[in-house]
Amino acid sequence: MDTTHRDLYHAFVDQGLDAWLAKLPKQLARGLDRKRYGDLPAWEKAVAKLPVLPAERQVWLDRDTVTVELALSDAQRRQSENLLLKLAPWRKGPYSLGGIHIDTEWRSDWKWRRVAPHLSALAGRRVLDVGGGSGYHAWRMAGAGAAFVLVIDPSPRFYYQFQAVRHFVGDADGGRTHFLPVGIEDVPAKLEAFDTVFSMGVLYHRPSPLEHLQQLKDALRPGGELVLETLVVEGDETTVLLPGERYAAMPNVYFLPSSAALCQWLERSGFDNVRIVDEATTSLEEQRSTEWMTFQSLADFLDPEDPSKTLEGYPAPSRAVVVANKP
Ligand SMILES: C[S@@+](CC[C@H](N)C(=O)[O-])C[C@H]1O[C@@H](n2cnc3c(N)ncnc32)[C@H](O)[C@@H]1O
């Protein structure tokens, strides 16, 4: 067994994810392939060089800021901060690790506050977070009592950000939280293994949204719950925006349905009990440049004359959360 990923393999065995287990060696090798990702060795080194931490620590996964309190010397704190900065840009958070506050581009806690009240209680559930970024929401899911949380995200930078946070959290989550650097298309077909599947901020990046919904449904056990968050536009069930090359300066943005159209997509995909539980326009306080994400952010992607529009003239980002069940 590849000992680097021993905990992940053990978790897959414990969870009875046999159909997936055999694929892990190849998926890990591809997801963390140094030939594909030139910066990967630097990220790996940064995580490996994080200082050995005192065993004594207090960890809060149920706070807005995922927090690890432990006693670091000034030198250890400086060293840790420098290493964590090598993993920048940090987009999803916030985190407080040994007194280092990682002020991420996104206040992902705001999204979690919009989503969490509408979920079936996560306690004891087996959860998949598709496109989970650095894993911020996964820690919050573990904090809400989930028995097993798996983030899948093909970005190796986010994989190493997760491993850096893992270094600080240690085993305080009981080893319930994991990250596999793959995309939704790598989840074995018809897995039907998860009680709750999250797909937040992913659907609009998929060129075939109905295929994405089918893949999410395949990962759920019968009766399981889908929690999906995506960009929406105003309109009725016939309204869908397909922007040009860019939307709010982002490439790879495909379909933005109205909330009503989104519900219809889910119903046509065979989900039951489909309901929109939240709608919100993204504010300049929720997504902004910080010391940990120094590139341009939302304020730069809106029309300076009319912030209700993107630079390209489309409606400014607005998001809906929809919850549904697999029959
Ligand atoms: C906008 S971010 C959303 C992050 C987080 N879920 C949130 O809501 O804050 C979209 C994420 O989807 C990931 N992603 C891109 N292609 C994917 C795929 N094929 N399968 C799963 N995740 C994917 C990206 O790497 C990125 O982390």
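Values quoted throughout were computed directly from the atomic coordinates according to the rules given, and no laboratory measurement underlies them. The shown structure was predicted, so the numbers you read here are calculated from the model rather than taken from an experiment. Backbone-built Cβ (ideal geometry, glycine too); neighbour counts: all protein chains shown.
Descending by average beta-carbon neighbour count within 10 Å, the peptides 158-165, 244-251 line up as 158-165, 244-251, the highest first. Ignoring lysines fewer than eight residues from residue 86 along the same chain, the ones with Cα atoms less than 19 angstrom from its Cα are 45, 49.
Calculated on C-alpha atoms, the gyration radius of the range 33-325 divided by its Kirkwood radius gives an Rg/Rh of 0.96. Comparing 258, 228, 301 along the charge dipole axis of the range 222-327, the residue lying farthest to the positive side is 228, per the Cβ-charge model. Since only 314, 201, 8 are under comparison, the one whose Cα sits farthest along the positive direction of the charge dipole of the chain, derived from C-beta charges on Lys, Arg, Asp and Glu, is 8.
Can you sort 129, 39 so the residue with the fewest Cβ neighbours within 10 Å comes first? If you can, show how the numbers build up before the last one.
Values: 129 28, 39 13.
Ranked by crowding around the Cβ, least crowded first: 39, 129.
A cut-off of 5 Å between modelled amide H atoms, ignoring neighbours fewer than 5 places along the same chain, links residue 200 with 130, 229. The charge dipole of the range 16-85, taken about its Cα centre with unit charges on the Cβ atoms of Lys, Arg (+1), Asp and Glu (-1) only, comes to about 520 debye. Our coupling estimate for the range 21-37, obtained by passing each phi through the Karplus curve with A = 6.51, B = -1.76, C = 1.60 and θ = phi - 60°, is 3, 5, 8, 4, x, 5, 5, 5, 4, 6, x, 10, 7, 4, 6, 7, 10 Hz, Gly and Pro reported as x. Evaluated with a Cβ-only charge set (Lys, Arg +1; Asp, Glu -1), the range 33-325 carries a dipole of roughly 960 debye about its Cα centre, given to the nearest 20. Ranked by the mean number of other Cβ atoms within 10 Å of their residues, highest first, the peptides 289-302, 177-190, 88-101 come out as 88-101, 177-190, 289-302. Cα centroid separation, the range 151-175 to the range 93-112: 14 Å.
Which of 151, 52 has the fewest other C-beta atoms within 10 Å, and how do the rest follow up to the most?
So the residues, fewest neighbours to most, are 52, 151.
Could you tell me the center-to-center distance, by alpha carbons, between the range 197-266 and the range 269-327 in angstrom? First find each Cα centre; the distance between them is then 12 Å. Multiplying the residue separation of residue 71 and residue 291 by 0.36 nm and subtracting their alpha-carbon distance yields 76.8 nm. Each residue of the range 289-294 is assigned a 3J(HN,Hα), and the resulting list reads 5, 9, 5, 9, 8, 8 Hz, derived from the Karplus form 6.51 cos²θ - 1.76 cosθ + 1.60 (θ = phi - 60°), x at Gly and Pro. If a spin label sat at a point 7 angstrom from the Cα of residue 62 along the line to its beta carbon, the backbone N atoms of the range 122-158 nearer than 19 Å would be those of 122-127, 136-149. Across the options 280, 133, 120, the greatest Cα extent toward the positive end of the charge dipole of the chain (unit charges at beta carbon of Lys, Arg, Asp, Glu) belongs to 133.
Taking every alpha-carbon pair under 8 Å whose residues sit at least 6 apart, the range 33-325 reaches a relative contact order of 16 percent. Among beta bridges identified by DSSP and lying wholly in the range 33-325, the antiparallel ones come to about 55 percent.
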